[in-house]
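Student: Below is the structure I would like to discuss, written out as structure tokens.
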Amino acid sequence: MKTTVGIDLAAEPKGTAIAAVSWHDGAAVVETLLTGCGDDIVLHWMHHPSEAVGIDCPFGWPAKFVDLVSQHSARTLQVSPDLRAGWRREYVLRATDRWVHDNLGLVPLSVAADRIGHTAIRLAALIARLGDHVRSPLDGSGALAEVYPAAALKTWGLPHRGYKRGVNAAGRNALVDEIQAVAPWLELGEHESTVRASDDALDAVVCALISRAVTRGLTQPPEDVTLALIEGWIHVPTRPIEDLR
């Protein structure tokens, strides 16, 4: 039996959910589903001896943004007065964010300019606490991989919007129904009510499914591995959800 883990990370325990899915005999079973997870619980599952841990959070910052901040602090920043329109895009979006936008039409939150930066700082601290105990290069070639539920859902032909927060309970229930229709081998079991009640829990399960795609080599690889090792890389599935079995 093999296990994949999905972590829907938030800046605080509230909003952080973890799912562990076991794979055997052509079935995928949600064995564990936790919500409201603090750092120690997250670290436990990041360190879990699973096939892969998929985390919904940016693993790094745009290289150009890091350079800009460093040069600004050192008062060495030089900027051309003839900047083209949209010049800030490469400073606030990583190469992987731009790939997702250009190929899927989705716009990941900017780790440099949106509140997702708070979550990324939490993840950076967690990875630092793991130290050398877990191999975790930022390109996802180790035990941890950056994932993005909306991108995976869209790639799999499933609804990827309109299921967040309590006001969208109907959309969330519809999404769970559609997932069960295209993946009848996914067994939510006793956790189905939690998945239907919490978009964090649902995203954690989706993250665990993407982790399976990562282990099977069914995600888009980085276009520039050197840059991905600095900025991180979103692993987007390249095959139908059925191929996860």
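The values are calculated or read from the model by the stated rules, or taken from the named source; none is laboratory data. Keep in mind the model is a prediction, meaning the values are calculated, not measured. Please note that ligands, DNA and RNA were not included when accessible areas were found on the heavy atoms of the full protein model with its side chains. Shrake-Rupley method; radii C 1.70, N 1.55, O 1.52, S 1.80 Å.
Student: Compute the orientation-averaged projected area for the range 12-130 from the convex hull of its Cα atoms and round it to one decimal in nm².
Tutor: 10.4 nm²
Student: Run through the DSSP bridge list for the chain and note the antiparallel percent, rounded to the nearest 5.
Tutor: Antiparallel: roughly 60 percent of the beta bridges in the chain.
Student: Summarise the accessible area of the chain (1.4 Å probe, protein heavy atoms) by the percent that is carbon and sulfur.
Tutor: 52 percent
Student: Among all the lysines, which ones have a C-alpha under 29 Å from Lys164's C-alpha, if same-chain residues fewer than 8 places away are not counted?
Tutor: Lys14, Lys154
Student: So what is the relative contact order for the chain, in percent, with contacts set as C-alpha pairs under 8 Å and at least six apart?
Tutor: Reported relative contact order: 30 percent.
Student: Considering Cα pairs under 8 angstrom that are at least six residues apart, work out the relative contact order of the range 69-148 and quote it in whole percent.
Tutor: Across the range 69-148, relative contact order equals 13 percent.
Student: Then there is this: What percent do you get for the relative contact order of the range 1-105 when only Cα pairs under 8 Å and 6+ apart count?
Tutor: Once normalised by length, the contact order is 23 percent.
Student: Here's another thing I want to ask about it. Excluding ligands, DNA and RNA, what is the solvent-accessible area per residue of the chain at a probe of 1.4 Å, expressed in Å²?
Tutor: Solvent-accessible surface per residue comes out at 48 Å².
Student: Starting from the Kirkwood radius over alpha-carbon pairs of the chain, derive D by Stokes-Einstein at 20 °C in a medium of 1.002 mPa s and give it in µm² s⁻¹.
Tutor: Stokes-Einstein gives a translational diffusion coefficient of 117 µm²/s.
Student: Please identify, among Val42, Val69, Val92, the residue showing maximal mean-square fluctuation in a Gaussian network model of the chain using a 10 angstrom Cα cutoff.
Tutor: The residue that fluctuates most here is Val69.
Student: Once phi is turned into ³J(HN,Hα) by the Karplus curve 6.51 cos²θ - 1.76 cosθ + 1.60 with θ = phi - 60°, what whole-Hz value does each residue of the range 89-94 show in order, with x for glycine and proline?
Tutor: Taking θ as phi minus 60°, the curve returns 4, 6, 8, 9, 10, 6 Hz for the range 89-94.
Student: Shifting gears a bit: Quote the Stokes-Einstein diffusion coefficient, in whole µm² s⁻¹, for the range 161-245, based on the Kirkwood radius over alpha carbon pairs, a temperature of 20 °C and a viscosity of 1.002 mPa s.
Tutor: Once the numbers are plugged in, D ends up at 150 µm²/s.
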